[in-house]
Amino acid sequence: MSKPKIYISKAIPEPALAYLEQHCECRMWNGQGAASRQGLLAELHDVEGLLTTGGPINRELLDHAHKLRAVSSISVGYNHFDLEAMKARRVIGTNTPHVLDETVADLVLSLMLSAARRIPELDSFVKQGRWQRGKGLTDEYFFGMDVHHQTLGIIGMGRIGEAIAKRAVDGFGMSLLYHNRSRKPETEERFGARYCGLDELLRESDFVVMMTPLTPETERMIRLEHFEMMKPTAFFINASRGKTVDEPALIQALQTGLIRGAGLDVFDPEPPSLDNPLLHMPNVVTLPHIGSATAKTRLDMAMLAARNLVAALTGGHPPNVVPE
Ligand code: DGY
């Protein structure tokens, strides 16, 4: 039996490619980053499977891919899938949950600590030679905010939220509030977490962490009226998707002191333009969407995505079909 043809739109680690090559006839984009949209569309006419890291899987793409049966994304988020269009064409979509939970949780704690203790700002201070003997600034100049024993509010208590909760509660002695589609009694018991409405969470938290997936319901879920509810000493952390927040409102909240600072791994759009005010505020820590970016985790994600695609194309049952 001939092997199914697949296209891989971004270079992947060797073990994942080797696995795919055992089961499929592979073509892979080998340039920098991911294949351009036009380049991708031109490759799809004869493929049954697509391994991707992002970019819309929509009607336009499906119109170029009449043989397509499965799209496997190397990501836990699948907001780039037009699920309705895929269902209409009987195209299966899969994602890579679980394997990145701890790595993303590490990054969220890094953003909280970096923003609260002003790590990037004070790192630049030292490197620019502004820390000089005899020209001492007051102690207060260097003060940040504590993370330990503060109140953390997590919006979107999935697996990554729980990995953040473990670090925050067990390691930092934080109190935990959460807001989620549904209550999670086990999480409440394990972490002493309190389920609350969005407004209450925003009013009471010292750190608000956005971890909700991007869906039509969560798009621009946090707007100016929500920042107005937050403490002026609070930090807003986003490691989900930029579009879950009204970004101009976030900018306004930071510019007018409605909140103290932010830690952002995601933007709307990505990358942000150089004149985006968020890139010029000392109280905002910015990262280039690196939540899952460690070599081990990206390898684990690529292997899982490869297994999902092979299972979908060879009659097996892929473990991570979306929606869950
Ligand atoms: C994910 O896996 O969804 C991360 O945000 C990387 O895109």
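Just so you know, all these numbers are worked out from the coordinates, no wet-lab data involved. Just so we're clear, the structure is a prediction, and the values are computed from it rather than from any experiment. So basically every Cβ, Gly included, is an ideal-geometry build from the backbone, and we count neighbours across all protein chains shown.
Things worth noting here:
- Dipole magnitude of the chain about its Cα centre (Cβ charges: Lys, Arg +1; Asp, Glu -1), debye to nearest 20: 500
- Loop trypsin sites (Lys or Arg not before Pro), segment 78-137 (other Cβ atoms within 10 Å of the site Cβ: 16 or fewer; DSSP): 89, 90, 117, 130, 133, 135
- Shape call, segment 157-308: gyration tensor on alpha carbons, a/c limit 1.5: oblate
- Computed about its Cα centre, the charge dipole of segment 101-286 is approximately 400 debye, with only Lys, Arg, Asp and Glu carrying charge at their Cβ.
- Karplus 3J(HN,Hα) series, Hz, for segment 97-113 with 6.51 cos²θ - 1.76 cosθ + 1.60 (x for Gly, Pro): x, 6, 5, 10, 4, 5, 5, 5, 4, 4, 5, 5, 4, 4, 5, 4, 5
- Assigned charges on the beta-carbon of Lys, Arg, Asp, Glu; segment 240-296 dipole about Cα centre (debye): 240
- Cα-based Lys proximity count in the chain, under 18 Å, for pairs eight or more positions apart or on separate chains: 6
- The alpha carbon centroids of segment 48-100 and segment 246-296 are separated by 28 Å.
- Packing-based ranking of 97-104, 54-61, 182-189, 302-309 yields 302-309, 97-104, 54-61, 182-189, ordered from highest to lowest mean Cβ neighbour count within 10 Å.
- Rounded to the nearest whole Hz, the Karplus-based 3J(HN,Hα) values (6.51 cos²θ - 1.76 cosθ + 1.60, θ = phi - 60°) of segment 114-120 follow the sequence 5, 5, 5, 9, 6, 4, x, with x at glycine and proline.
- Between residue 234 and 260, the built amide H atoms are under 5 Å apart, and every one of these is 5 or more places off in sequence or on another chain.
- Ordering 19, 232, 261 by the projection of their Cα atoms onto the charge dipole of the chain, which places +1 on the Cβ of Lys and Arg and -1 on the Cβ of Asp and Glu, puts 19 at the extreme positive end.
- Of 119, 108, 249, farthest towards positive along the dipole that unit charges on Lys, Arg, Asp, Glu beta carbons give segment 101-286: 119
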